[in-house]
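Peer 1: Take this structure, written in structure tokens, and hold onto it; I'll ask about it next.
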Amino acid sequence: MKYLIFTFLMSTKLYATELIIPEFKKKVLTVNIVHAEPFDFDTFVLTNRFNKQFTLVCSGNPFYGNKSSYLEYENFFGSHVADFKFKQNVACHVLKEHLYAVFEGVNRDNQIQIFLNRESGLVEKIILPPIDPLYDGEEHTPLEDIRELAKL
């Protein structure tokens, strides 16, 4: 009986749905962050110029219970579609500590660039803006600001 069923299945045409996944030319995605803000449970919300948000979650977060650091990627359509992991967990912690010091200065003029590898699912490179975390405001005195306004 088993052989009869097997031969019947092998002799009939079975229809299956074929799924064709397109290949994308861009292997590396570039995200330009124009706003950074501390968020719940020791995470950061990073916002790009299209107001899409990405969540930076470093390793050892007690709420998430994660062993590796990652960036939650939200696409242009507003869907959370991927988590891009950091090659080294220490890179995420250094970024997070730097962001705590300078997150108010991240804007359209001082953008953070994050390069994400689509194939490997890793954060390839992060370029931080030239914001000095130890800036004390001594370079610009009110007198210089008044002179600049007088020129206008």
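Peer 1: In terms of the Cα gyration tensor, with a ≥ b ≥ c the square roots of its eigenvalues, is the range 23-123 rounded because a/c is under 1.5, prolate because a/b exceeds b/c, or oblate? Numbers along the way, then the final one.
Peer 2: Values: a/c = 1.57, a/b = 1.10, b/c = 1.43.
Oblate.
Peer 1: Also: Determine, for each peptide in 34-42, 20-28, 53-61, the mean count of other beta carbons within 10 angstrom over its residues, then list the peptides with the highest first. Provide the component values of the computation, followed by the final result.
Peer 2: On the way: 34-42: 14.3, 20-28: 7.0, 53-61: 19.0.
Taking the mean over residues of other Cβ atoms within 10 Å, the ranking is 53-61, 34-42, 20-28.
Peer 1: Pairs to check: 67/87; 27/125; 52/87; 26/125; 26/85. Give those whose C-alpha atoms are more than 20 Å from each other in this structure.
Peer 2: With Cα atoms farther than 20 Å apart: 52/87.
Peer 1: How much length is gained on full extension from residue 37 to residue 97, taking 0.36 nm per residue of separation minus their Cα-Cα distance? Before the final figure, lay out the partial values.
Peer 2: On the way: separation 60, 0.36 × 60 = 21.60 nm, distance 1.22 nm.
Residue separation times 0.36 nm, minus the Cα-Cα distance, leaves 20.4 nm.
Peer 1: Between residue 23 and residue 52, what is the FRET efficiency for a Förster distance of 25 Å, r being their Cβ-Cβ separation, to the nearest 0.05?
Peer 2: Numbers: r = 24 Å, r/R0 = 0.95.
Calculated value: 0.60.
Peer 1: Separate question: Report the rotationally averaged projected area of the range 26-66 based on its alpha-carbon convex hull, in square nanometres.
Peer 2: On the way: hull surface 14.6 nm².
For the range 26-66, averaging the hull's shadow over all directions gives 3.7 nm².
Peer 1: Sticking with this one: What FRET efficiency would be calculated for the residue pair residue 136, residue 104, taking the C-beta separation as r and a Förster radius of 22 Å, to the nearest 0.05?
Peer 2: Working: r = 15 Å, r/R0 = 0.66.
Calculated value: 0.90.
Peer 1: Can you give me the distance in nm between label points at residue 79 and residue 124, each placed 7 Å from the Cα along the Cα-to-Cβ direction?
Peer 2: About 2.4 nm, to one decimal.
Peer 1: Starting from the residue with the highest accessible area, list 49, 108, 118 in decreasing order, probe 1.4 Å. Spell out each step's value before the answer.
Peer 2: Working: 49 125, 108 150, 118 95 Å².
Per-residue accessible area, sorted high to low, gives 108, 49, 118.
The values are calculated or read from the model by the stated rules, or taken from the named source; none is laboratory data. Because the structure is predicted, anything quoted here is derived from the model rather than measured. Heads up, the Cβs are rebuilt from the backbone with ideal geometry, glycines too, and the neighbour counts pull from every protein chain shown. What goes into the accessible areas is simple: the full protein's heavy atoms, side chains included, and nothing from ligands, DNA or RNA. Shrake-Rupley method; radii C 1.70, N 1.55, O 1.52, S 1.80 Å.
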